[in-house]
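Note sheet for the following structure.
The values are calculated or read from the model by the stated rules, or taken from the named source; none is laboratory data. Bear in mind that the values here come from a model prediction, so they are computed numbers and not experimental data. Please note: Cβ atoms are built from the backbone with ideal geometry, for glycine as well, and neighbour counts cover all protein chains shown. With ligands, DNA and RNA removed, areas are computed over all heavy atoms of the protein, side chains included. Shrake-Rupley method; radii C 1.70, N 1.55, O 1.52, S 1.80 Å.
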Amino acid sequence: MTVTAPTSTASWLTIATTVAARTIVKILRTPQIVGIAIVQSIVFLLMFRYVLGGAIGVKGVSYVDFLVPGFVVAGLLFTAGGSAVAVAEDAASGLYDRFRSLPISDTAVLIGRAIADAALMVLVGLVTLGVGFLVGFGIDASALDVLLAVGLLVVYALGVAGVFVWLGLVSGGAQAAQGLSILAVPFSFVSSAFVPVKSMPDVLEAFADWQPLTFMVNSWRGLLLGDSAIASFEHSLDYYVIGSVAWAVGLAIVIAPLAMRAYRKR
């Protein structure tokens, strides 16, 4: 029997969706990955709501209303830590060596991986939002604002996923990737996610004002809570929405070549 050699390779879109689907199936076949991410998020949300929340004062809204949008967005960073570990494990297993030996697009492989990781982050975020409603969170927004908020969460998740895919590739191993994921802590706490930035020392306040998570949190908070939250902002809601998208796109532009370089050097 004569076997005819293929005359073309799979398209970029086919490769990206295949890698994303493979990663999602792997996650679903290991329910501990999703379960631990969700349980961890819920436990920390309840601790802030019922243990620390009583000692934190905010203006304009109740603390639970202030907390939940910030927690959902900041939670993207914590969920992404597991993604960095998974990327490092895939690299150590030789999966990416195999991919590089095939006539397929390197960018499609990495973007497929980022899409799957972003899907997990959004899932955990929406479950956390649902728990937030159970502990007293309420929204004051139109259906369009809610849809925009969910759409922005997807954009943020893709930007964050790209950063942690890169960290997983440069880490050199799963344990090192776990260690690098600790970088999420200062970015999440030195932001408007859990406390007003005005309560911070001047240096930290300046950092918090300009770092991407504050733009993302404030845009989400403003969209879901309306005028009661926007009145406490130093800038308009448009400022934070546009700024958050600019940060997400900017991160992708900066990280993409770094991730590609790390992928090809392995």
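Please give the length that would be gained between L204 and M260 if that part of the chain were fully extended, namely 0.36 nm times their separation in residues minus their C-alpha to C-alpha distance (nm, one decimal). Walk me through the numbers before you get to the answer.
On the way: separation 56, 0.36 × 56 = 20.16 nm, distance 3.26 nm.
Contour length minus the Cα-Cα distance gives 16.9 nm.
When we measure straight from the Cα of K59, which aspartates and glutamates land under 15 angstrom away, once same-chain ones fewer than 8 places off are left out?
Of all the aspartates and glutamates, those that pass the test against K59 - Cα under 15 Å, at least 8 places apart if same chain - are D227, E234.
For the ranges 25-32, 119-126, 239-246, 56-63, what's the packing order if you count other beta-carbon atoms within 10 Å of each residue, average per peptide, and put the highest first? If you can, show how the numbers build up before the last one.
On the way: 25-32: 11.8, 119-126: 21.1, 239-246: 17.9, 56-63: 14.9.
The peptides rank, most packed first, as 119-126, 239-246, 56-63, 25-32.
Can you sort D117, D65 by 1.4 Å-probe accessible area, starting with the largest? Before the final figure, lay out each step's value.
Details: D117 0, D65 30 Å².
Ranked list, largest accessible area first: D65, D117.
Taking the alpha-carbon distance from K26 and a cut-off under 28 Å, which lysines remain once sequence neighbours fewer than 8 residues away in the same chain are dropped?
The qualifying lysines are K265.
Work out, step by step, the length gained on full extension between R100 and Q178: first 0.36 nm times the residue separation, then minus their alpha carbon distance; give nm to one decimal.
On the way: separation 78, 0.36 × 78 = 28.08 nm, distance 2.49 nm.
The span from R100 to Q178 would gain 25.6 nm if fully extended.
Only helical DSSP H runs with n ≥ 4 go in: add -39500 (n - 2.57) per run for the chain, normalise by residue count and round the 222 nm mean residue ellipticity to 500 deg cm²/dmol. Mind dumping the intermediate values first?
Details: 12 runs with 199 residues, N = 266.
One gets -25000 deg cm²/dmol as the mean residue ellipticity at 222 nm.
Leaving out ligands, DNA and RNA, and with a 1.4 Å probe, what % of the accessible surface on the chain is carbon or sulfur? Show your work: numbers first, answer last.
Numbers: 9080 of 12980 Å².
C and S fraction of accessible area: 70 percent.
Roughly how many debye, to the nearest 20, is the charge dipole of region 50-108 about its Cα centre, given +1 on each Lys and Arg Cβ, -1 on each Asp and Glu Cβ, and no other charges?
Working: 3 positive and 5 negative charges, 33 e Å.
Computed charge dipole of region 50-108: roughly 160 debye.
Find which of S199, H235, G130 sits farthest along the positive direction of the dipole of region 121-266, computed with +1 on the beta-carbon of Lys and Arg, -1 on that of Asp and Glu, about the Cα centre.
The Cα lying farthest towards the positive end belongs to G130.
Can you work out the accessible area per residue across region 197-264, with the rest of the protein chains kept in place, probe 1.4 Å, in square angstrom?
Details: 3390 Å² over 68 residues.
On a per-residue basis, 50 Å².
Can you pull the one-decimal nm distance between simple spin-label points at E234 and F189, each 7 Å off the Cα toward Cβ?
Rounded to a tenth, the inter-label distance reads 2.2 nm.
In degrees from 0 to 90, rounded to the nearest 10, what is the angle of the helix 12-29 Cα long axis to the longest principal axis of the chain?
70 degrees
Going toward the positive end of the dipole of the chain, with +1 on Lys and Arg Cβ and -1 on Asp and Glu Cβ, which of V58, W210, L76 do you reach last?
Farthest towards the positive end: L76.
With +1 on each Lys and Arg Cβ and -1 on each Asp and Glu Cβ, how big is the dipole of region 83-217 about its Cα centre, in debye rounded to the nearest 20? It would help to have the intermediate numbers written out before the result.
On the way: 4 positive and 10 negative charges, 51 e Å.
Dipole of region 83-217, to the nearest 20 debye: 240 debye.
Test of understanding: what is the full-extension gain from A92 to A246, defined as 0.36 nm times their sequence separation minus their Cα-Cα distance?
On the way: separation 154, 0.36 × 154 = 55.44 nm, distance 3.36 nm.
Difference between extended and current length: 52.1 nm.
Tilt of helix 143-171 relative to the longest C-alpha principal axis of the chain, in degrees (0 to 90, nearest 10)?
Tilt relative to the chain: about 50 degrees.
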